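**Student:** The structure follows.
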Amino acid sequence: MRKHAFIAMLALSVLGIGAPSYAVPDGALKVTQRIPGPDGGWDYVSFDAARRRAYFSHGSVVLSLDVDSEHLNPAFAQGDHLHAIVAVPGSEDLVTTNSGDNSVRIIKAADGALVKSLSVADDADGAVYDPATGLVAVVNGGPGLITLIDVARQTVAGTIKVGDKLEFAAVGPHGRLYVNVASTGEVAVVDLVARKAIGRYPMADCKRPTGIAYVEGGRIVSACGSGAAKILDAASGKELASFKIGGFPDSVLYDPKRHLAMIPTALDGNLWVISLAGPDNNTIVQTVPTQIGARTGTVDPKTGRVYLPTAEYVLPVPPGQRPTTKPGTFQILVLDRR
């Protein structure tokens, strides 16, 4: 994903902030475990419900976590500046995006072995599976394209021009794709069946939107890099709710069983939990302390556990230099209700 990590992490050294400490209500999410992993950066995280695994893009490798045994495979599959990892329902394949060599790779879910590498446009970033078309939609963020991957045929099935700088995407019903437009603060609406962009939803006071999720009730939840979250009606783009969150969010996690959306924010080290049903519908119901740098993750739909990768940063960051992480501190935070 096209990030503003340098600017955001510089802010860490200036603000000197960390996760707050306070009592956790019974039954609420909290960090219950920290699973160590190899040093390196991280990006998208996804969950494979069929195989009970969480996948983490980690530089040039995919980390695979068996969530039941808690076994972490530190080199499940190879890549080149990896971003998204998508489990393709009804198949034995996964799809990864690689901006290093501008490829989409089809790999075996059994062992991570390469099946085929497909050349695509620059900045192969986010990706989602669309059940209406049976295609994987890949976001080429810089060129403003959606590339369609036919996994069964192992081919590029076409591209759709959206324009501007794109970020995360989420799939709705009937082949609708909703894509955050980072450069304009909008959500682009794409018809994957007709293979064309059909509209945009502006989001007031939303700069650099990143994470997005399509949730129950025909709603879109979008996270803004400027420290806001938006809930929109997916059919019309009407704003249903807006609230402040922490800085540098990078994904929106959706737990349909528990009717929750969750947004991890890196600058303050919090997970913002949004109720999507009941008397607290469309409101933040919990702010969970995590760790500075935790900005993306996934949720196990069976157990409701949340998995967030992060590491400890070397602070303060010297002026003009990129932030670095401390060796030996990469870990996966596990949040549970136990």
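Each value in this text was obtained by applying a stated rule to the coordinates, not by laboratory testing. Keep in mind that what you see is a predicted model, and the values were worked out from it rather than measured. Glycine also receives a Cβ, built like all others from the backbone with ideal geometry; neighbour counts cover every protein chain displayed.
**Student:** What does the helix-only formula give at 222 nm for the chain: each DSSP H stretch with n ≥ 4 adding -39500 (n - 2.57), the total divided by the residues, and the result rounded to the nearest 500 deg cm²/dmol?
**Tutor:** Taken over the chain, the calculation gives -1000 deg cm²/dmol.
**Student:** Tell me which residues come under 5 Å, amide H to amide H, from residue 115 once H is placed; ignore anything under 5 positions away on its chain.
**Tutor:** Under 5 Å from the amide H of residue 115 lie the amide H atoms of 106, 107, 108, each far enough along the sequence or on another chain.
**Student:** Then there's this: Using modelled backbone amide H atoms (1.01 Å from N, in-plane), which distant-in-sequence or interchain residues come within less than 5 Å of residue 297's amide H?
**Tutor:** 45
**Student:** If the only charges are +1 at each Lys and Arg Cβ and -1 at each Asp and Glu Cβ, what is the size of the charge dipole of the chain around the Cα centre, to the nearest 20 debye?
**Tutor:** Here the chain has a charge dipole of around 300 debye.
**Student:** Loop-only trypsin sites (Lys or Arg not before Pro) in segment 98-183, please: DSSP not H, G, I, E or B, and at most 10 other Cβ atoms within 10 Å.
**Tutor:** Here the sparse-neighbourhood loop sites are 153.
**Student:** Starting from the 7 Å offset along Cα-to-Cβ, what nm value, one decimal, do you get for the label separation of residue 75 and residue 153?
**Tutor:** 3.6
**Student:** For residue 132, which sequence-distant residues (separation of 5 or more, or a different chain) have an amide H within less than 5 Å of its own amide H, given hydrogens modelled in the peptide plane?
**Tutor:** Those qualifying (amide H under 5 Å, at least 5 residues apart or on another chain) are 175.
**Student:** Mind scanning 207/238; 116/196; 302/326 and naming the pairs with a C-alpha gap bigger than 25 Å?
**Tutor:** In this structure, 116/196; 302/326 exceed 25 Å between Cα atoms.
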